[in-house]
1. Taking 0.36 nm per residue of sequence separation and subtracting the Cα-Cα distance, how much length would be gained by fully extending the chain between Ser198 and Arg118, in nm to one decimal?
2. Based on the Cβ-Cβ distance of Ala156 and Ser72, what FRET efficiency does E = 1/(1 + (r/R0)^6) give at R0 = 30 Å, to the nearest 0.05?
3. Can you give the alpha-carbon Rg of the range 1-121 over 2.2 N^0.38 Å, where N counts its residues?
4. With contacts defined as alpha carbon pairs under 8 Å and 6 or more residues apart, what's the relative contact order of the range 1-149 in percent?
5. Counting only heavy atoms of the protein chains, get the accessible area per residue of the range 103-202 (1.4 Å probe) and round it to a whole Å² value.
6. Computed FRET efficiency, Cβ-Cβ of Arg146 and Asn33, R0 35 Å: what is it to the nearest 0.05?
7. I'd like the FRET efficiency for Glu168 and Phe57, computed as 1/(1 + (r/R0)^6) with the beta carbon distance as r and R0 of 30 Å, rounded to 0.05.
8. Could you please state how large a percent of the accessible area of the range 1-103 is carbon and sulfur, counting protein chains only and using a 1.4 Å probe?
Amino acid sequence: RAVEELLTGFMLYHASGSAVMDGKSRWQDEVGNAVVSPVITLRDQPHNPAFAGVTTFDGDGMPTREHVLFDSGKLCMHLHDCYSAKRCKTTSNHMSGGPFGMSLAPGGSLLADLLRSRREILLVDRFSGNTDAIKGDFSGVAKSSRLYVDGKDSGAVTETMIAGNFFEFAKKIEAASLETEAVGGSFTSPWLLVDGISVTGG
């Protein structure tokens with residue numbers, strides 16, 4: 001859930017046709033360029049029955065199709081519906097109301113191995129706090145999260161805050177787990193090993 005809240009949420013905002021149209025996207029001229037860690041490959045699969053958002057047509061009535069949104073860290077496309085495409089003088093890629101079923105590609109390491117890769121690791125399940133979509137800043141509470149020491153679960157954490165900047169940490173994602181989990185019926189994701197996030201707690 002933290003991956004969805006702190007990574008893909010920011011990614012989709014700056015890749016969205018509406019943000020490009022309004023001049024708010026940092027990635028307005030970045031299609032084809034690396035904008036996040038090469039660990040990240042993100043697909044939209046609107047016809048995959050495993051997802052709750054499976055659909056044949058987008059909100060504009062256009063037929064949906066599978067897209068690779070980010071490939072090894074590179075931005076592949078802006079997510080345009082008919083309106084933003086017209087305003088930006090390009091063509092719709094049938095994404096009105098989408099993405100519909102996102103999957104983040106797994107890595108090659110078991111989660112247990114990632115948890116042993118540092119002496120101390122905070123395993124963040126959920127984030128509750130403030131985000132600034134344009135600047136990329138976030139700060140809040142790491143909820144349902146646990147501390148691992150030398151690969152062993154030391155228990156749940158309380159009153160633990162995390163803070164950082166999306167544009168900085170998104171390039172410091174070091175690895176993804178082989179295991180993936182379903183999040184909210186419309187997203188599957190591996191666990192990610194991330195550097196560059198501040199952690200404070202009692």
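The values are calculated or read from the model by the stated rules, or taken from the named source; none is laboratory data. Source: prediction; values computed, not measured. Here the Cβ is made from the backbone with ideal geometry for all residues, glycine too, and neighbour counts use every protein chain on show. Heavy atoms of the whole protein, side chains included, go into the accessibility calculation; ligands, DNA and RNA do not. Shrake-Rupley method; radii C 1.70, N 1.55, O 1.52, S 1.80 Å.
1. Values: separation 80, 0.36 × 80 = 28.80 nm, distance 1.55 nm.
This chain segment gains 27.2 nm when fully extended.
2. Values: r = 35 Å, r/R0 = 1.16.
Once the sixth-power term is evaluated, E becomes 0.30.
3. Details: Rg = 15.8 Å, N = 121, 2.2 N^0.38 = 13.6 Å.
With N residues counted in the range 1-121, Rg over 2.2 N^0.38 Å equals 1.16.
4. Working: 260 pairs, mean separation 35.8, N = 149.
This gives 24 percent for the range 1-149.
5. Working: 5340 Å² over 100 residues.
With all protein chains present, the range 103-202 gives 53 Å² per residue.
6. Numbers: r = 36 Å, r/R0 = 1.03.
E between Arg146 and Asn33, to the nearest 0.05, is 0.45.
7. Values: r = 38 Å, r/R0 = 1.27.
Given R0 = 30 Å and the Cβ-Cβ separation, E is 0.20.
8. On the way: 2320 of 4830 Å².
Carbon-and-sulfur percentage of accessible area, whole number: 48.
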